[in-house]
Each structure stands twice: as C-alpha cells, then as structure tokens.
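Just so it is clear, none of the values below were taken in a lab; they were calculated from the coordinates. Worth saying up front: this structure is predicted, and the values here are computed from it rather than measured. Positions of Cβ are backbone-derived with ideal geometry, glycine not excepted, and every protein chain shown enters the neighbour counts.
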Amino acid sequence: MPEPGHAPHAPLVVDVKRNSLDDGPGIRTVAFFKGCPLRCEWCQNPETLSPRAELQRLPERCTECGACVPACPRGLARPAASPQPDGCIACGACVEACLADARRVAGRAWEPAALVETLLRDEPFHRASGGGVTLSGGEPTLFLEWVADLAARLAARGTHVLVETCGEFDGDRFSDLLLPHLRAVYFDLKLDDPEEHRRLTGRDNRRIRENLARLAREAPDRLLPRVPLVPGLTTTPANLEALAATLRALRLPRVALLPYNPLWVAKRRALGLDLPYAHAEWMPSDEVERCAEPFRRAGLEVRT
C-alpha cells in the first residue's frame, strides 16, 4: 500500500470510493485528489482543499486514552477532543497508535500503475452497469499531466473515464492532454456574478466561463453542467436565472442540480478549520423544485 506523504511531482489521493452511484452513470469507482484552486465557503470535501497531507481528528470516536501523545515525534499530539497545536506534519504516527480509529491521515501518494489497478478492482461491475471511473477532488486538473496519464491508462483498458471539475484550469492543456481520454465532463457552475464568485470562492469566474464555452463547442455531448444548490448563496432567483441564461446561450440542453447537504461541516471541524458558512439542514425536495424552475423555463432538461 502507498505510504502517507507527498510526492512533489504527483497529486495525493485522499480517498478511493468504490460502488458509487452518485458520480456518473452506472456503478463507479471514484478517486478524490487533494488540492483545489477555489476556496468555496461550503466545500463538500474540505479534506481535499490543500494539496498536502493533513491529519483529521474525530472527537466522537476518541476515548481520551492518550495513546497518541507519546507516539508523536514532535510532542504535538493531543486527544481528539482537545485543541491540536500547530506544527503537525501528518506523519501518521499518532494514527497508528490510536486504538479507537479517531484519527486518520488524509492524502496518500500513488504510483499511476498501482492506482489504475486499485480503481479497476470493480471493473466487472463497471462494465455490467455502464459505469467506470470518476476523477474528482478537490480539483484533478491541478495535476493535468499526471491525471491525463492516469486517464489514458484507464481508457486504454476500455474504462469509461469521467472528470468532475470546478472549471478553473488551463483550457488549451485540458483539451490537448486530458479531454481525449474522457467520456464525460461534469462541470460545476456556482455563481454568475464575478464579484460574488470571488467573494465566496476566492476567485472570479472569468476562466471558468471561458472553459465552459470552449467545452460547449468542443465536446457538447460529453459535457454536463452542474449547479450546487447552497441555501442563500447560489439559490437566489437572480443567480439561478443568470446561470440558466448562460447555459441557454451556449445551447447546452441539460443541467444537473446538486441539492445541499450538511455532511461537510463535520469534516471541516475534523480538520480544525473554521466555518465561514454553516447550514445544518438538508435541502427539502420542494426547494430543489423551486431552484429547477428557471432552468426549465430556459428549455433545459433538469437532473436532480
């Protein structure tokens, strides 16, 4: 198995999820890469924001036994219910010592060939269901050469390869290196207004919009725009109507809406991060339907 750590030429993978039914058609295996150029206040996978390995602590599992404390080579480990001093390098020593499975290192380096074999353990189920492998994150396009090589290896095995992206990437390199090996691109659109986009994600959406328009020209049949529905932020009527108008102008026929869920909050706390946005409730179906209306009026097929 790969050891915790960070290879400077390669991304880290925070998780490989098998038997997924939510990340593309059929039964899929999903690789979640660490690192993202955006800092969305509601990020569903906060453990993938940083490209570096990180320690996650789970207070609800911690028994306060203290076994982690002497195991730390820097003397920094504390039971999960106590504040963690700065300086942790996520070496994993405290994780090995923990008897309650209350700690984990998020982020492992893989050799491409080993990751391909792991992703294809469920290949019979992929083929039988029309599924495949999804490259997600984080943002896999941060590591275009590495991920393109991985996608090429998977495609050569006949695998349906899909990438989930925030759209903040170099369009030329994406089209040249990665797109030829993809069967589908799931492209997230969050906010139409550039300043609101910058305020809530850390960057404006100029390049995202350019890349969406380019893919609408180059690979419309492989492109599925997706809108994460974040109460009070992306769900305003003005934002939804503006996004619907953008998709209609690009002659894109469909959109997927991603209803808000609050599971990310616990993951962010496990990393010791603050909560710039918090909403504790799942999104009810009638609210999802309200959000779908502007897209239906624009003539788009809406998937929820």
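Here's how it looks for Arg254: its modeled amide H is under 5 Å from those of Glu301, which are all 5 or more places away or on a different chain.
When the Cα positions of Cys94, Leu182, Leu144 are compared along the charge dipole of the range 36-187, Cys94 comes out farthest toward the positive end, with charges on each C-beta of Lys, Arg, Asp and Glu. For the range 97-193, the equivalent ellipsoid built from the Cα gyration tensor has semi-axes of 24, 20, 14 Å, listed from largest to smallest. Farthest towards the positive end of the charge dipole of the range 219-304, among the residues Ala298, Leu252, Trp264, is the Cα of Leu252, using unit charges on the Cβ of Lys, Arg, Asp and Glu. In degrees from 0 to 90, rounded to the nearest 10, what is the angle of the helix 285-297 Cα long axis to the longest principal axis of the chain? The angle comes out near 40 degrees. Per-residue ellipticity at 222 nm from helix content only, as computed over the chain with -39500 (n - 2.57) for each DSSP H run of at least four residues, stands at -8500 deg cm²/dmol.
Dividing the convex hull volume of the alpha carbon atoms of the chain by its residue count gives 135 Å³ per residue.
In this structure the amide hydrogen of Gln84, modeled in the peptide plane, comes within under 5 Å of no amide hydrogen from residues 5 or more places off or on another chain. Testing the spin-label approximation: label points 7 Å from Cα along Cα→Cβ at Glu145 and Glu117. State their distance in nm. Result for the modelled spin labels: 2.5 nm.
On a 0 to 90° scale, report how tilted helix 237-249 is relative to the longest principal axis of the chain, with both axes built from alpha carbons and the result rounded to the nearest 10. Result, in degrees: 60. Taking amide H positions as modeled 1.01 Å from N, with prolines and chain starts lacking one, the residues under 5 Å from Arg108 and 5 or more places away or on another chain are Val13, Val14.
A viscosity of 0.692 mPa s and a temperature of 37 °C, combined with the Kirkwood radius over Cα pairs in Stokes-Einstein, give a translational diffusion coefficient for the range 197-304 of 216 µm²/s. Start at zero, step by 10 Å, and the Cα-Cα distances of the range 56-103 spread as 32, 63, 5 percent across the bins. Across the range 165-182, coupling constants 3J(HN,Hα) worked out from phi with the 6.51/-1.76/1.60 Karplus curve, θ = phi - 60°, read 9, 7, x, 8, 8, 6, x, 5, 5, 4, 5, 7, 9, 9, 3, x, 9, 9 Hz, and Gly and Pro carry x. Rg and Dmax over the alpha-carbon atoms of the range 144-257 stand at 14.6, 45 Å.
Note on the chain: antiparallel DSSP beta bridges, both residues inside, total approximately 35 percent of the bridges counted. Give me the tail of P(r) for the range 240-291 as a percent: Cα-Cα pairs with distance above 13 Å. So the portion of pairs separated by more than 13 Å is 69 percent.
Against the longest alpha carbon principal axis of the chain, how many degrees, from 0 to 90 and to the nearest 10, is the axis of helix 206-218 turned? It is inclined by approximately 60 degrees.
Panel order for Phe169, Phe125, by other beta carbons found within 10 Å of each beta carbon, from fewest to most: Phe125, Phe169. In plain terms, the bigger the Kirkwood radius, the slower the diffusion; for the range 26-167, with that radius from Cα pairs, at 10 °C and 1.306 mPa s, Stokes-Einstein puts D at 93 µm²/s. Do any trypsin sites (Lys or Arg not before Pro) in the range 206-281 lie in a loop, going by DSSP, with at most 12 other beta-carbon atoms within 10 Å of their beta carbon, and if so which? Hits after loop and neighbour filter: Arg251. Just going by the charge dipole of the chain, with Lys and Arg at +1 and Asp and Glu at -1 on Cβ, which of Val288, Leu76, Gly131 is farthest out on the positive end? Positive-most Cα among the choices belongs to Gly131. Normalising the average separation of contacting C-alpha pairs (under 8 angstrom, six or more residues apart) by the number of residues puts the relative contact order of the range 56-103 at 45 percent. Take every Cα pair under 8 Å whose residues are at least 6 apart in sequence, average their separation, divide by the length of the chain, and the relative contact order is 18 percent. Would you mind pulling out the separation of the Cα centroids of the range 28-87 and the range 235-304, in Å? So the separation of the two Cα centres works out to 28 Å.
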